[in-house]
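The structure appears below as structure tokens.
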Amino acid sequence: GQPDTRTPTGAETGAPPTAFGQQGAYLTTAQGARLRDTDHSLKAGPRGPLLMQDHHFREKITHFDHERIPERVVHARGAGAHGVFTSYGTASNLTRAGFLKDKGKETDVFVRFSTVLGSRGSADTVRDTRGFATKFYTDEGTFDLVGNNMPVFFIQDAIKFPDIIHAAKWHPDREIPQAQSAHDTFWDFVSLHTEAQHHTMWNMSDRGIARSYRMMEGFGVHTFRLVNDAGETVLVKFHWKPKLGVHSLVWEEAQIASGVDPDFHRRDLYDSIEAGAYPEWELGLQVFPDNPEETFAGIDLLDPTKIVPEELAPVQPVGKLVLNRTPTNFHAEVEQVAFHLGNLVPGIDVTNDPLLQGRLFSYLDTQLTRLAGPNFHQIPINRPHAPVNDMLRDGFHQQAVHAGVAPYKPNSLDAGNPFPTEENAFVDVPVVVTEAPKVRDLPVSFKDHWTQVRLFWQSMTPIEREHIIRAYTFELGKCYEQAIKERQLQCLANIDPVLCSEVATGLGLPAPAPSIELPEVTPSPALSQIGQEWPGD
Ligand code: HEM
């Protein structure tokens, strides 16, 4: 019942944003004045020089000069699409978030897929992790699920993010390679910082080269906390399951695709939507009791380098995502979209995963630069579809003409109280923060860097193992420093002796003995035992 103090911009009403350009009967300046000639600049005579007073020339060139915005510091290369999320209603006992709870409820979404390391113009089919970021424009505010196509991450603490990215992106001197092909800095880091070994093996596996965005799983990676209507909580991990199944390219296919069509995934996404073959995923949850230890089956749920096997906690489907509309304008939508893990709705809360906690800072911080100031939530693709009535004012590129004189609280001037707070809003779950000392340590449970990598390796079929061995051998073969290859071989020895000896053979180096005690496991068959030739082709 309180008056909205903002001038509607479309954000408040959920109305589609105003479209600009290429609509009128005649060409105009940015100020709407009709133009007679846009092909010739104003000169002192036909042989020049140019006249400073040619405002049309200056407007046209100045605007062009500023067309590019900084590419994302990571995930610069991407493609996006609009769609709809439909809830199955199966999560109604777990969360009060309406878009998940109410059966049949439809919510608009925008999804951006990406590679991590390459620049904006890099090829799609490189060996890399893929981003899978979803913006749910819910009635209760925007919820962003900013995930990847792999369920684990290289690091356990966000303070290491600049380190892994500096190690994996281009060399500072000559700016190659763009993609994550092996080079000394990457293998140097992951062999020294062994918590990265699990994610690295996912990258070396077939999952590292997706066949299509439509055929990728997505993972929220971190554990989140859901809250239901009764205030009860559970811990969950989010999973996207593609309707078309998970498929990969083999290395040689990926190489050919990079050369013949660097836009392979982008084209596939847009072509399939325009052909009416809408990409689909089911959203699912792994659900764990919210116990004070935040563990499940002995696995620390706050450690983003660990998964919980689906055999132990099956993924329960809670809704369906269909992508059914391509962007109208790449820059306006795919480039300018800004995701943030802190964009939460009542019923979904974060946990203390130290990687997640750091991400909560990083995205807004980088977007303040990338999108030039604090008002990028007013860019059409970022506008909530829920009504907005905030006390944020002014700043660069302010789009709203705010009415009212008292954007503060409490106030007695703007119709008494223009900013009533809402009992039904987001409530922070009162998780107990004990008398813990201030430390820079991680829990002891985070220190096991080997068990789950071994589990991943052992879950692979023979042909998948062959691909992994070939990927390690090829990528490590690109290193110049012998000591780095040897250190990574030591890591492989701690994972599986056969994996280590096959890669060592391929590299022409001796296989080291494990430096830790290995558990009793069925030995992996050597490549020769699974009918494969090694080394070489
Ligand atoms: C961008 C996922 C860890 C910083 C992205 C994007 C995705 C993503 C999908 C692309 C968003 C888009 O399409 O616009 C993840 C996942 C992580 C992770 C799943 C771990 C589980 C981190 C960490 C940091 C970080 C630890 C920093 C402490 C960034 C930044 C961007 C980004 C700065 C660029 C955002 C922008 O310019 O809009 N991440 N990320 N990420 N991520 Fe992460």
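Pairing each residue of region 71-82 that is within 13 Å of Asp124 (Cα to Cα) and more than 6 Å from the ligand (Cβ to nearest atom) with any residue that is assigned to a strand (DSSP E or B) and of a type outside the set (A, V, I, L, M), provided the two are 6+ apart or on different chains, yields C-beta distances under 9 Å for Ala76/Ser114; Ala76/Thr115; Arg77/Ser114; Arg77/Thr115; Ala79/Arg112; Ala79/Phe113; Ala79/Ser114. In region 253-270 there is at least one residue matching the filter, namely being in contact with a strand residue (DSSP E or B) (Cβ under 8 Å, 6 or more places away or on another chain), farther than 26 Å from Met201 by Cα and not β-branched (Val, Ile, Thr). Restricted to region 78-101, and to residues there that are crowded, with 21+ Cβ neighbours inside 10 Å and of a type in the set (Phe, Trp, Tyr), the residue that is farthest from the chain's Cα centre (by Cα) is Phe99. Scanning region 282-324 for residues that are in contact with a helix residue (DSSP H, G or I) (Cβ under 8 Å, 6 or more places away or on another chain), among the charged types (D, E, K, R) and either surrounded by fewer than 15 Cβ atoms within 10 Å (Cβ to Cβ) or assigned to a loop (DSSP other than H, G, I, E, B) (or both) turns up Asp303, Lys306.
Checking each residue in region 327-343 for being assigned to a loop (DSSP other than H, G, I, E, B) and either surrounded by fewer than 18 Cβ atoms within 10 Å (Cβ to Cβ) or touching a Leu at 6+ places or on another chain (Cβ under 7 Å) (or both) picks out Thr328, Asn329, Gln336, Ala338, His340, Leu341, Gly342.
Residues that are part of a loop (DSSP other than H, G, I, E, B) and crowded, with 19+ Cβ neighbours inside 10 Å within region 352-374 comprise Asp353, Leu371, listed in sequence order.
State yes or no: is Trp251 hydrophobic (A, V, I, L, M, F, W, C), modelled with pLDDT of 95 or more and within 16 Å of the ligand (Cβ to nearest atom)? Answer is no for this residue.
Scanning region 329-348 for residues that are of a type in the set (S, T, N, Q) and in contact (Cβ under 8 Å) with a residue 12 or more places away in the chain, which turns out nearest to Ala81 (Cα to Cα)? Checking each candidate, the answer is Gln336.
Note on region 113-129: residues that are in a strand (DSSP E or B) and near the ligand (Cβ under 8 Å from one of its atoms) amount to 2. Of all residues in region 219-251, those that are under 20 Å from the mean Cα position of the chain (by Cα) and either closer than 14 Å to Leu145 by Cβ or in contact (Cβ under 8 Å) with a residue 60 or more places away in the chain (or both) total 13. Only one of the listed residues (Leu360, Leu312, Leu368) is away from the ligand (no atom under 16 Å from the Cβ) and free of Cβ contacts under 8 Å to residues at least 60 places away in the same chain. That residue is Leu312.
Total residues in region 425-462 satisfying the condition of being in contact with a Ser or Thr (Cβ under 8 Å, 6 or more places away or on another chain) and of a type outside the set (A, V, I, L, M, F, W, C): the figure is 4.
The values are calculated or read from the model by the stated rules, or taken from the named source; none is laboratory data. Fair warning: this is a prediction, and the values are worked out from it, not measured in the lab. Ideal geometry is used to build each Cβ from the backbone, glycine not excepted, and the neighbour counts take in all protein chains shown.
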